[in-house]
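**Q** Please find one structure pasted underneath; my questions will follow.
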Amino acid sequence: MTNYEQPHISPDFTINDIHKIREWNAERRKEITEEEASADTSQAAMRMMERIERARINLSVRAT
């Protein structure tokens, strides 16, 4: 997959940021197969699940 520069996201995360992300994602997926897109989505989901789990652990440590 070709590397496309990630869009700049504002600190307020506006609707324009969502549009930028969608355009960026569509552009970077133009030249990949369905299998590559599926693998990319799975990898991103795993990274997000890891971040959520780390945040959950951090919150539980703070609560004790």
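**Q** State to the nearest 20 debye the size of the charge dipole of segment 15-63 about its Cα centre, where the only charges are +1 on K and R beta carbons and -1 on D and E beta carbons.
**A** The calculation lands at about 440 debye.
**Q** A further question on this structure: Can you list which of the chymotrypsin sites (Phe, Trp or Tyr not before Pro) found in the chain are DSSP loop residues with at most 16 other C-beta atoms within 10 Å?
**A** Filter output for the chain: Tyr4, Phe13.
**Q** Here is a follow-up. Using Cβ counts within 10 Å as a stand-in for footprinting exposure, how do Arg28, Arg51 rank, fewest first?
**A** The fewest-first ordering by Cβ neighbours comes to Arg51, Arg28.
**Q** Between Ser10 and Arg47, what is the spin-label point distance in nm, taking each point 7 Å from the Cα along the Cα→C-beta axis?
**A** Each label point is offset 7 Å from its Cα along the Cβ direction, giving 2.4 nm.
**Q** Compute the label zone of Arg62 within segment 4-19: residues whose backbone N is under 16 Å from the point 7 Å along Cα-to-Cβ.
**A** Label zone hits: none.
**Q** Still on this structure, please answer the following. What is the P(r) of the chain, as percent of Cα-Cα pairs per 10 Å bin from 0?
**A** All Cα pairs considered, the percentages come to 18, 33, 33, 13, 3.
Computed from the coordinates by the stated procedures, all read-outs in this text should not be read as laboratory data. Not measured: the values here are computed from a predicted model. Don't worry about glycine lacking a Cβ; one is built from the backbone with ideal geometry, like all the others, and counts go over all protein chains shown.
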